[in-house]
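Reading through the structure tokens given below for one structure.
The values are calculated or read from the model by the stated rules, or taken from the named source; none is laboratory data. Here the structure is a predicted model, which is why all the values come from computation and not from measurement. In this analysis, Cβ positions are derived from the backbone assuming ideal geometry, glycine residues included, and neighbour counts consider all displayed protein chains.
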Amino acid sequence: MPPLLLTNISQLVTLRGPAAPRRGRELGEIAIIQDGAVLCSGGKIVSVGTRRESARDWFLKSAKRKVDEIDCRGGVVLPGFVDSHTHPAFAAPRLVDFEKRIAGATYEEIAREGGGIRSSIDGVRNASRASLATNISQALAEMATQGTTTVEAKSGYGLNMEAEVKSLEAIRAAAQRWPGTVVATLLGAHVVPPEFQSRRKQYLRLICDEMIPAVSRRKLARFVDVFVEQLAFNSDEARKVFATARKHGLGTRAHICQLTPAMVKPLLEFQPASLDHMDYVSDEELPLLAESETVATLVPGANYFLAANRYPAARKLIDAGVAVALATDYNPGTSPTTNMQFVLSLACTQMKMSPAEAISAATINGAHALRLGDRKGSIEPGKDADVAVFGVRDYREIAYWAGSNLCGLTLLQGNVWTADL
Ligand SMILES: [Zn+2]
């Protein structure tokens with residue numbers, strides 16, 4: 001593939017800066033180059049600067065090699081979004097639940113009638129690996145079309161050995177067909193499945209003694225996730241899962257403080273890459289989080305879809321120095337969206353993040369939430385050529401035009417992706 005030059009960029013939002021998660025005021029510093037250009041080669045970013053610099057400099061002139069040029073038509077260029085929290089391994093949308101919730105049914109009522117997560121578990125257990133992979137591929141394609149180039153993808157609707165492994169195999173198969181980057185996570189500890197309802201200790205043993213060792217041995221996931229919540233697992237159980245993950249060389253992350261408060265300190269000692277949701281994190285724990293390398297990943301799509309009357313306290317977290325990321329939480333029960341632009345809109349309107357802060361949280365801090373900050377999340381020489389081109393003049397428009405897809409072209413590790421594909 002010849003080198004690729006992106007040029008005619010009104011605002012090149014580079015996010016260049018410290019090689020660490022962005023905190024406090026840094027989150028709003030997105031390092032824009034006006035009238036920019038980016039040169040990519042071999043799937044990596046080679047040079048970043050103004051268009052004038054690109055014409056004068058770089059190896060364009062000297063090498064006299066053929067360079068493919070992409071005219072960005074005065075648009076805005078960002079690092080590709082890093083969607084660091086998704087659940088794409090499911091069989092079908094939950095449309096009946098959707099209507100029931102609209103009509104006023106509660107979570108418990110829906111669950112009692114066989115809906116909720118139960119229906120997704122049945123769906124995944126009965127689905128073939130190939131059909132799950134097809135669903136995941138469709139989601140990844142939508143994501144690329146909307147500017148996302150790196151995706152964390154969890155299992156978690158199989159909840160037995162066979163169906164969790166099948167889900168991770170489906171994620172791997174879809175990842176191999178997609179030019180972007182997929183980071184797989186085992187979420188065997190999503191909830192206790194129905195057949196273990198009165199034997200939760202045995203289910204935990206199944207996760208720790210069988211699932212984690214097998215997934216680690218087969219390199220099917222890089223992370224292990226736990227849903228810490230009254231209706232799922234408590235923090236002692238989460239610590240057991242984390243300790244096992246660590247023993248088997250896997251990273252850790254958790255869903256926590258989504259519906260009810262919980263202490264994050266018992267988990268922080270495992271240095272999880274990310275703690276996600278964080279709607280009910282206590283103020284007293286914010287200094288601890290701020291000192292840690294753990295990213296707080298906020299997923300306001302879930303608050304939106306569940307019509308929650310509150311959103312995560314992003315301002316408080318940012319002002320306390322906590323590293324904050326944004327993700328879709330794409331899943332069939334609580335956040336059926338693949339669109340990071342929509343998440344930016346929610347972050348700005350509902351959580352009072354500035355557009356610049358939201359962009360940092362959706363790119364560089366998302367990369368750190370996956371421990372990929374050295375490769376992803378900013379447009380700097382040496383990093384992967386993951387870039388999204390938007391048909392707007394000002395980066396703030398990406399969070400402003402709610403519900404649209406403004407992305408016209410995406411580079412995934414140097415591979416060009418357009419919406420027509
Ligand atoms: Zn989730």
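Which of the residues that make up region 219-229 are more than 16 Å from the ligand (Cβ to nearest atom) and in contact (Cβ under 8 Å) with a residue 12 or more places away in the chain?
From region 219-229, those more than 16 Å from the ligand (Cβ to nearest atom) are 219-220, 222; that's our starting set.
Hits for region 219-229 are 220, 222.
Identify, from the list 141, 92, 127, 55, the residue that is of a type in the set (A, V, I, L, M, F, W, C), away from the ligand (no atom under 16 Å from the Cβ) and assigned by TED's automatic domain parsing to the domain that holds residue 38.
Working: 141 fails: assigned by TED's automatic domain parsing to the domain that holds residue 38; 92 fails: assigned by TED's automatic domain parsing to the domain that holds residue 38; 127 fails: assigned by TED's automatic domain parsing to the domain that holds residue 38.
The match here is 55.
From the list 361, 308, 290, exactly one residue is surrounded by fewer than 22 Cβ atoms within 10 Å (Cβ to Cβ) and more than 16 Å from the ligand (Cβ to nearest atom). Which is it? Walk me through how you get there before you give the answer.
On the way: 361 fails: surrounded by fewer than 22 Cβ atoms within 10 Å (Cβ to Cβ); 308 fails: more than 16 Å from the ligand (Cβ to nearest atom).
Of the residues listed, the single one that is surrounded by fewer than 22 Cβ atoms within 10 Å (Cβ to Cβ) and more than 16 Å from the ligand (Cβ to nearest atom) is 290.
If residue 210 satisfies every condition in (1) at pLDDT 95 or above; (2) in a helix (DSSP H, G or I); (3) touching a Gly at 6+ places or on another chain (Cβ under 8 Å); (4) away from the ligand (no atom under 16 Å from the Cβ) but one, which is the exception?
For residue 210, the failing item is (3).
In the list 259, 186, which residue meets the criterion of being within 23 Å of the chain's Cα centre (by Cα), within 16 Å of the ligand (Cβ to nearest atom) and surrounded by fewer than 20 Cβ atoms within 10 Å (Cβ to Cβ)?
259
Here are some conditions: (1) under 30 Å from residue 411 (Cα atoms); (2) within 16 Å of the ligand (Cβ to nearest atom). Residue 120 meets all but one. Which one does it not meet?
Failing condition for residue 120: (1).
Give me the helices (runs of 4 or more DSSP H) completely within region 50-141, filtered to those with at least 3 residues that are among the charged types (D, E, K, R), ordered by residue number.
Numbers: elements: 51-56, 58-63, 95-102, 107-112, 117-126.
Passing ranges, in order: 51-56, 95-102, 107-112, 117-126.
Would you please name the residue that is surrounded by the fewest Cβ atoms within 10 Å (Cβ to Cβ), looking only at residues in region 146-161 that are touching a strand residue (DSSP E or B) at 6+ places or on another chain (Cβ under 7 Å) and not in a strand (DSSP E or B)? Even if it seems obvious, please write down each step before you answer.
Filtering region 146-161 for residues touching a strand residue (DSSP E or B) at 6+ places or on another chain (Cβ under 7 Å) gives 146-156, 159.
Applying the additional criterion that residues be not in a strand (DSSP E or B) yields 146-147, 155-156, 159.
Values: 146: 23, 147: 29, 155: 31, 156: 26, 159: 28.
Here the residue is 146.
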